[in-house]
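The values are calculated or read from the model by the stated rules, or taken from the named source; none is laboratory data. This one's a predicted model, so the numbers in the text were calculated from it and none came from an experiment. Heads up, the Cβs are rebuilt from the backbone with ideal geometry, glycines too, and the neighbour counts pull from every protein chain shown. Note: accessible area is taken over every heavy atom of the protein model, side chains too, but ligands, DNA and RNA are not part of it. Shrake-Rupley method; radii C 1.70, N 1.55, O 1.52, S 1.80 Å.
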Amino acid sequence: MAILEVKNIEKHFDNTRVLEDVSFSLEEGNALAIIGSSGSGKTTLLRCLNFLETPDRGIISVRGNVLFDAARTKAENERDIRTKRLHFGMVFQSFNLFPQYTALENVTLAEQLLAKEQPDFKQRKKEILEQIQVHGRELLAQMGLSERADHYPHQLSGGQQQRVAIARALALKPDILCFDEPTSALDPELTGEVLKVIRSLADRRTTMIIVTHEMAFARDVADQVIFMDGGLIVEQGDPKQVIENPREERTKQFLSRYTQG
């Protein structure tokens with residue numbers, strides 16, 4: 001069974017269609033790369049999956065459980081939405097780290113807030129917080145940032161900040177890790193260090209959705225690729241087939257423009 005099933009998602013902003021009849025599935029341990037021009041709906045799709053936007057139509061299921069069904073949806077409180085977001089770890093383009101917190105504090109903040117909701121938190125506060133600190137340091141070590149745990153964002157390079165953001169997204173052990181153009185805000189020399197981390201996550205069979213313009217990376221790392229244009233999925237399939245030998249004319253045109261650019 002697929003870990004994620006997305007069926008017939010549609011999204012409009014006023015009279016502008018941003019997503020139309022978007023459907024796909026993702027197997028556990030696989031990486032999905034989504035490519036397409038700016039404005040094709042890629043980021044909006046991630047925001048719908050992470051419940052930052054509400055689709056106008058469609059169904060989103062994780063591990064066979066329906067998280068969203070537009071035909072049956074009703075107003076939900078912030079706590080319900082936050083619980084659904086736990087299935088998806090989100091890494092944004094612009095890092096979105098809290099400037100007043102250290103790298104370690106950024107990584108552990110969400111876990112600490114959730115821990116306070118545990119019924120035994122007051123009785124086990126010291127033990128729980130120590131465990132969270134250990135987990136946070138382990139995640140930073142995975143990112144190659146052990147020596148930067150006590151540094152603030154302004155003391156880190158862009159690549160280091162994005163690696164902190166990846167560690168933060170992993171902290172709550174999401175079912176699916178989502179990346180929205182994770183290297184677009186980086187200088188070329190820093191892009192490689194972030195892609196190396198994502199590649200290592202793929203090697204460990206982390207389930208991921210990656211919106212990217214790094215075509216070679218998508219071809220080599222992803223298990224499947226989706227090409228979007230005008231809010232539609234135009235083509236999807238094996239990365240080498242889609243990127244090196246696309247069937248659809250719109251895919252060919254996009255890849256041709258991208259290569260020429």
Nearest 5 percent is fine: what portion of the DSSP beta bridges confined to segment 28-183 is antiparallel?
50
Taking N as the number of residues in segment 195-261, what value does Rg over Cα atoms divided by 2.2 N^0.38 Å take?
1.12
Rounded to the nearest 0.05, what FRET efficiency do Lys252 and Met1 have when you use their Cβ-Cβ distance and R0 = 41 Å?
0.75
Cβ-Cβ FRET estimate between Glu117 and Asp238, R0 fixed at 51 Å, reported to 0.05
0.75
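Just want to confirm a number: the relative contact order over the chain, from Cα pairs under 8 angstrom separated by 6+ residues, in percent.
Rounded, it is 26 percent for the chain.
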Ser146 label point, 7 Å along Cα→Cβ, cut-off 16 Å on backbone N: hits in segment 76-111?
104
Cβ-derived FRET efficiency at R0 22 Å, Glu28 paired with Ser184, nearest 0.05
0.20
Taking the alpha-carbon distance from Lys196 and a cut-off under 14 Å, which aspartates and glutamates remain once sequence neighbours fewer than 8 residues away in the same chain are dropped?
Glu214, Asp220
At q = 0.21 Å⁻¹, base-10 log of I(q)/I(0) for segment 107-261 (Debye sum, equal scatterers on each alpha carbon):
-1.32
Taking Cα centroids, how far is segment 130-182 from segment 203-228 in Å?
20
Provide the per-residue ³J(HN,Hα) series for segment 124-135, in order, calculated from phi with Karplus coefficients 6.51, -1.76, 1.60 and θ = phi - 60°, each as a whole number of Hz, with x at glycine and proline positions.
10, 3, 4, 4, 5, 5, 5, 4, 5, 4, 4, 4
With the cut-off at 25 Å, tell me which of the pairs Lys116/Lys173; Lys42/Lys240; Lys74/Lys173; Lys84/Lys126; Lys173/Lys240; Lys84/Lys252 have Cα atoms farther apart than that.
Lys74/Lys173; Lys84/Lys126; Lys173/Lys240; Lys84/Lys252
List the residues whose amide H sits under 5 Å from the amide H of Leu156, counting only those 5 or more places along or on another chain, with H placed 1.01 Å from N in the peptide plane.
none
Over segment 51-123, what percent of the accessible surface lies on carbon and sulfur atoms, probe 1.4 Å?
50
Whole-Hz Karplus couplings 3J(HN,Hα) for segment 10-27, θ = phi - 60° and coefficients 6.51, -1.76, 1.60, Gly and Pro as x, run 10, 8, 10, 10, 6, 9, 9, 7, 9, 9, 9, 6, 8, 9, 6, 10, 9, 7
Throw me the Rg/Rh for the chain, computed over C-alpha atoms with Kirkwood Rh, two decimals.
0.98
